[in-house]
1. Only residues of the stretch 372-413 count here: report those whose backbone N is under 12 Å from the spot 7 Å along Cα→Cβ of residue 46, or say none.
2. What nm distance separates the two modelled labels at residue 343 and residue 272, each placed 7 Å from Cα along Cα→Cβ?
3. Which FRET efficiency value, to the nearest 0.05, do you get for residue 498 and residue 76 by plugging their Cβ-Cβ distance into 1/(1 + (r/R0)^6) with R0 = 45 Å?
4. Mind sorting 10, 549 by how few other Cβ atoms lie within 10 Å of their own Cβ, fewest first?
5. Estimate the FRET efficiency between residue 364 and residue 254 by the formula 1/(1 + (r/R0)^6), using the beta-carbon distance for r and 45 Å for R0, to the nearest 0.05.
6. Give me the net charge for the shell around residue 148: Cβ to Cβ below 14 angstrom, other residues only, Lys and Arg +1, Asp and Glu -1.
7. For the peptides 638-647, 201-210, what is the packing order when you average, over each peptide's residues, the other Cβ atoms within 10 Å and list the highest mean first?
8. Give, in nm to one decimal, the length gained when the segment between residue 320 and residue 34 is fully stretched (0.36 nm per residue of separation minus the Cα-Cα distance).
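Coordinate-derived values only; no laboratory data. Note that the coordinates shown come from a computational prediction; the quantities given were computed from them, not determined experimentally. Here the Cβ positions follow ideal geometry from the backbone for every residue, glycine too, while neighbour counts run over all protein chains shown.
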Amino acid sequence: MPFNITSIKTSSNGAWQGDNPLDFAFPLLIVQATLILALSRFLAFLLKPLRQPKVIAEIVGGILLGPSAFGRNEDYLHRIFPSWSMPVLETVASIGLIFFLFLVGLELDLSSIRRSGRRAFGIASAGISLPFVCGIGVAFVLRKTVDGADKVEYGQFLVFMGVALSITAFPVLARILAELKLLTTQVGETAMAAAAFNDVAAWILLALAVALAGNGSGQHKSPLISVWVLLSGVAFVVFMFLVIRPAMKWVARRCSPERDVVDEAYICLTLAGAMVSGFITDLIGVHAIFGAFIFGLTIPKEGEFAEMLIERIEDFVSGLLLPLYFASSGLKTNVAKISGGEAWGLLVLVISTACAGKIIGTFAVAMMYSMPVRESLALGVLMNTKGLVELIVLNIGKEKKVLNDETFAILVLMALFTTFVTTPMVMAIYKPARGSSALACRKLRDLANTDESKDELRVLACLHGLSNVPSIISLIESTRSTKKSQLKLFVMHLVELTERSSSIIMVQRARRNGLPFIKRLRRGEWQDRVAGAFQAYSQLGRVKVRPTTAISALSSMHEDICHVAETKRVTMIVLPFHKQWTLDGEQRTVENVGHGWRLVNQRVLKNAPCSVAVLVDRGFSNGGQTPGPTTTESQRVCILFFGGPDDREALELGGRMAEHPAVKVGRFPSPMVAKLADRQAEHAELGPIGDMLSSSGSRVLSSVLVIQQHDMAHAEETPVSKFVQNDYDKLKSDGSSGMGEISKVV
């Protein structure tokens, strides 16, 4: 039944006046968005154990909401997703799509593509050309088999099918590589570089396909129209890079961190630029997303301007607007159109052709560049990732009437299948070694027992951010011996990998040096602020500093820490406690970075190949001064000794501290503990004494360093020590100088 779009009202007068909110555009849009978000988040939760990217849940959710599943109920479809509401839903979703492609352009660094070399270019070329040819072959079969497919001109249909089979989803691939910790392996680096080449080529081919498709009316048009569209598109790209890119560099400099206040006008101007660019390409005859993507490429990647833009829009776009686009796509997808053995046979043909073209083409060229067989095969599987970008291509093809309902459904299921199988196939084919579980545990006492004076004390100090830097430097400087072996410090900045695009950008910037990557000190290359805080300290005495960064999900962060500890032959790992005390005037405040970081510490304690020290910072860095050779103010270190291997490890560290001219070390023997009491442990991973000194009710003002070497898998069952009040007061008075001290507890 025809519907007059002008009769749609935005909002209702309310149920009390007899209006049904579902008959009005805005209330219905709220209901639709809530339903879409709830279903996609629920599916993402179910698929998380399978390590599937979020895009899989969003595609499946869109298909379930459409006529393939829930939409089989006519009442539901006409009430929740009536035909008159689709232009409103698709318009809002298209705004999200424009800004998402703008984010994709921000993520794609053209300079990294130029640095990638011939191997990545060769692999990308093979990964595009062979699937494109296979897509043309499949297009001939579909035209002869699918009803209505032969009504579209050959050129349009062949190009769209070739693009659909040859594309690689750059954002989805980055997420999969990050989840599998492959971004900085040879496979990951090559895959990202080749995907970047592929992405640029795919958008060029898509622009060509849209220009050939025209207005989707099916009417024949003059070839000159397509030529004018292409020439106008090329002129737009040239204008953007010659005129707009220098202008955006000027804007980025105006928004640099050196300026105290960032003018909001520049942010608004940039966001408006993405929409204006989309309008211009739509005016030319190329889809609006092409303009937003090109505008994103013109934003400078160095500096903080790009990250600032992402922080402003990525949650709203990726979390709210983009799922609406998947839902609108799912509402167009009717799996029931694939009926009969012939149709399902076509689906198998399309999937097998798409996989074979990508995997074989990539595998063959990778082998020509002397890559190992497993890595070459894994690279082919990774390059077969489709996902969101594929869905964009298919929706444009359906919008231009190049793809009918059956062909559209077949290609959507192909994109879903190829993306879904990527993670399990890569995990089965290739997983880089992460060390051996049979390796011996290294100890501080091993250095004391060796006759080689050149052995270095290697320490891996982990930190969450700049607030941990002063306490780590103070601790390491106190440990720096002037007589014994040299000290080599690996500083690992722990960064949580989330679903946000900005975390992927951080990974991409880090991937050239490894994940976790080791950045060697080179003059003028201290770009990271956390690493920069150690630049001056690295010049002190015999301390060598190597800043590192681990960007990973909290559930697997301990793997990166233990891997670096093993490969760098670290003797001791220093972990920051998940709570940190700060001094604001005379008032102390406690900051809790989250339970997830506490679980990271527990996993490191269980799996570390060396001794582990947990630093409970009670404002150690806020008072006193960092001890140095010329420091006049001494720092006092108290070692609690009760016997056992961990206590002797603490004594060994204390022995090194005692050689520092500005550190005074004392030891409390075991009689200070009167008895053990059964009480609930607040921080069981610290052990009984460490938990007592670090608990919220503790009156100890000094920082606490807990050294452990044993397996803490059953730490929750450990009873907590109870101190005699006189001995506790003695410890408090001896440690009352507070912020300039460390209590060494084992």
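1. The answer is none, because no backbone nitrogen lies closer than 12 Å to the label point.
2. Taking the simple label geometry, residue 343 and residue 272 are separated by 4.9 nm.
3. Working: r = 34 Å, r/R0 = 0.76.
Result of the calculation: an efficiency of 0.85.
4. Numbers: 10 10, 549 25.
Least to most surrounded, the residues fall as 10, 549.
5. Numbers: r = 49 Å, r/R0 = 1.08.
Once the sixth-power term is evaluated, E becomes 0.40.
6. Combined, the nearby Lys, Arg, Asp and Glu give +1.
7. Result, highest mean Cβ count within 10 Å first: 201-210, 638-647.
8. Result for the pair: 102.0 nm of gain on full extension.
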